1. Which members of segment A:203-239 meet the condition of being under 24 Å from A:LEU71 (Cα atoms), away from chain B (no Cβ under 11 Å), touching a Pro at 6+ places or on another chain (Cβ under 7 Å) and not small (Gly, Ala, Ser)?
2. All but one of (1) out of contact with any Pro (no Cβ under 9 Å at 6 or more places or on another chain); (2) within 14 Å of chain A (Cβ to nearest Cβ) hold for B:ALA58; which doesn't?
3. Which residue, of A:LEU91, A:LEU149, is outside the structural domain of A:VAL44 (by TED's automatic domain parsing) and more than 19 Å from A:PRO247 (Cα to Cα)?
4. Test A:THR233 against the stated conditions and say whether it is under 20 Å from A:LEU113 (Cα atoms) and outside any loop (DSSP other than H, G, I, E, B).
5. Mind checking which strands (runs of 3 or more DSSP E) fall wholly inside segment A:91-178 and carry at least 3 residues that are of a type outside the set (Val, Ile, Thr) and within 21 Å of A:LEU217 (Cβ to Cβ)?
6. Which one is nearest to B:ILE30 (Cα to Cα) among residues in segment B:61-91 that are touching a Lys or Arg at 6+ places or on another chain (Cβ under 6 Å) and more than 14 Å from every other protein chain (Cβ to nearest Cβ)?
7. Identify, by number, the condition in (1) at pLDDT below 95; (2) in a helix (DSSP H, G or I); (3) touching a helix residue (DSSP H, G or I) at 6+ places or on another chain (Cβ under 8 Å); (4) not hydroxyl-bearing (Ser, Thr, Tyr) that B:GLU137 doesn't meet.
8. If you check A:ASP7, A:ASP12, which single one turns out to be within 14 Å of chain B (Cβ to nearest Cβ) and either in a strand (DSSP E or B) or of a type in the set (A, V, I, L, M, F, W, C) (or both)?
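The values are calculated or read from the model by the stated rules, or taken from the named source; none is laboratory data. Keep in mind that what you see is a predicted model, and the values were worked out from it rather than measured. A quick note on method: Cβ atoms are made from the backbone with ideal geometry, for glycine too, and the neighbour counts reach across all protein chains shown.
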Amino acid sequence: MKKFILDLTVVDNVRLNYQYVLLKLTHSEKLPPVLPGQFAEVRVDGSSETFLRRPISINFIDTLRNELWLLIQVVGAGTRQLASLRQGDMLNMIFPLGNTFTVPAVKNAKIALIGGGVGVAPLLMYGEWLYRKGFECNFMIGARSREDLLQLDEFSKYGHVFTTTEDGTHGEKGYITQHSLLNTPDFDYIFTCGPTPMMKAVSRYAQENGIFCEASLENTMACGIGSCLCCVTDTTEGNLCVCTEGPIFNVTKLKWQI
Amino acid sequence: MKNPVMTASGTFGYGTEFLDFMDLSRIGGIIVKGTTLRERQGNPYPRMAETPSGMLNAVGLQNKGTQYFIEHIYPDIKDYDTSIFVNVSGSSIEEYVEIAEKINELDKIPGIELNISCPNVKEGGMAFGVSCPLASEVVKAVRKVYHKELMVKLSPNVTDVAEIARAVEYEGADSVSLINTLLGMAVNAKTRKPVLSTITGGLSGPAVKPIALRMVWQVANAVKIPVVGLGGIMNANDAIEFMLVGASAVQIGTASFIDPAISVKIVEGINAYLDENGFVSAREIVGAMEV
């Protein structure tokens with residue numbers, strides 16, 4: 001897929017909670033095609049503190065409005081700056097980068113999309129894509145507390161939503177990997193993105209039950225286009241760049257300590 | 001070379017990664033990723049740390065080896081309309097020689113950049129670049145078997161870079177390039193652990209530019225062969241500064257991570273500077289700093 005360097009304009013900056021914002025961006029021309037699971041390398045401001053671009057999952061493409069959404073968790077100087085962008089500000093982005101999720105082979109496949117934290121970002125776009133293609137999705141979203149659950153209203157447009165919170169303020173109490181829905185391991189496909197311990201637990205569950213499972217990794221990156229070889233993950237085929245061979249990997253290929 | 005702007009090894013892959021962003025024929029040359037005799041997996045993740053105005057890397061020369069390069073990569077890149085140099089790295093003199101002999105056979109590769117300065121490998125690499133006798137020995141051995149342009153990439157992790165430059169010039173290097181990355185490290189105060197899996201890594205980016213500029217100036221004053229300057233060049237003005245202190249050409253490294261099309265913009269910027277200041281050729285500004 002052809003990659004572009006574009007200046008997008010901020011249409012809206014929606015504060016989701018104390019730690020997350022949703023940036024909605026647009027372009028004067030039609031946005032280039034993006035596949036679910038792909039990401040963008042975002043130029044913050046090039047200051048000494050935020051020298052490199054930030055790799056950020058593409059959360060959603062609203063084709064009618066010609067909008068691209070980025071879900072931002074404020075973790076450091078770069079994301080803090082991104083969270084402070086206002087309507088009309090420009091953001092320089094390189095995208096679309098990386099691969100996409102595997103499309104389930106049969107229409108009646110039982111699919112779980114399991115996310116946690118900011119890791120829910122690519123699952124929304126993939127969920128919408130699957131919904132449009134006629135698949136039925138189960139979104140399983142875990143968070144520390146009720147206020148950390150993101151975009152539940154969006155997810156519910158495209159499938160069933162199940163939640164867990166560590167403090168029991170929403171959905172079942174505990175981790176998402178402890179959700180009762182997983183007691184019967186009859187899923188055909190699991191797609192996961194979120195904190196590494198969560199993805200490892202999901203991966204273990206999938207492998208124990210022989211379920212096809214893909215995880216979207218978020219290693220630190222410099223270039224995002226496979227030229228610096230900084231973001232590698234150890235796989236059965238050796239060190240592979242998360243930016244070009246991923247970010248989505250079949251978990252059987254990953255040499256995670258699970 | 002059609003112009004003095006090249007891309008630095010390890011920051012531009014094999015050029016193919018950049019085809020969506022720029023026309024490779026617009027730049028003077030590409031120095032492809034460091035190539036070793038056998039395949040190397042490189043160092044474990046994490047291999048990169050962002051630092052003030054720069055970054056540390058500890059990739060450790062991940063590549064598929066010389067034979068793979070010859071069979072699978074060379075055919076795809078040999079017809080690019082720019083000069084393609086192979087960056088050669090060995091863990092022993094014999095290895096450097098063996099790779100150089102093989103690359104010598106490739107018609108469309110006008111030269112090699114001998115990497116005696118990689119700080120991220122346990123054996124060889126920088127060890128050859130920080131000792132005059134070893135630097136001399138490896139260049140002498142490679143010179144015997146390699147008959148095209150032999151550029152030697154120097155390490156800044158030395159007391160006297162000019163001394164090493166003179167030594168490799170004496171043994172027949174056609175040019176020197178500098179600087180490779182500066183040895184540095186980063187620590188995470190929260191976890192009380194090093195950020196890089198290798199603890200130390202190589203620092204690049206604008207943070208190193210003043211040091212690179214100083215070293216290029218010192219070397220340009222010490223040798224007669226052309227000097228290729230690199231280290232934190234982010235724009236045309238930076239490149240011009242390197243040329244003014246004596247670099248005949250420049251390499252663009254870390255900047256390509258931030259703007260994949262930057263090397264073409266630097267070519268354009270240098271041309272604009274030459275026009276504005278009444279110079280006909282880039283050669284006129286090489287070493288033109290007035291003290």
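1. A:GLU218
2. Failed condition: (1).
3. A:LEU149
4. On the way: under 20 Å from A:LEU113 (Cα atoms): no; outside any loop (DSSP other than H, G, I, E, B): yes.
Criteria not met by A:THR233.
5. Details: elements: A:111-116, A:137-143, A:159-165.
Here the list reads A:111-116, A:137-143.
6. Here the answer is B:LYS78.
7. (1)
8. Values: A:ASP12 fails: within 14 Å of chain B (Cβ to nearest Cβ).
Sole residue among the options that is within 14 Å of chain B (Cβ to nearest Cβ) and either in a strand (DSSP E or B) or of a type in the set (A, V, I, L, M, F, W, C) (or both): A:ASP7.
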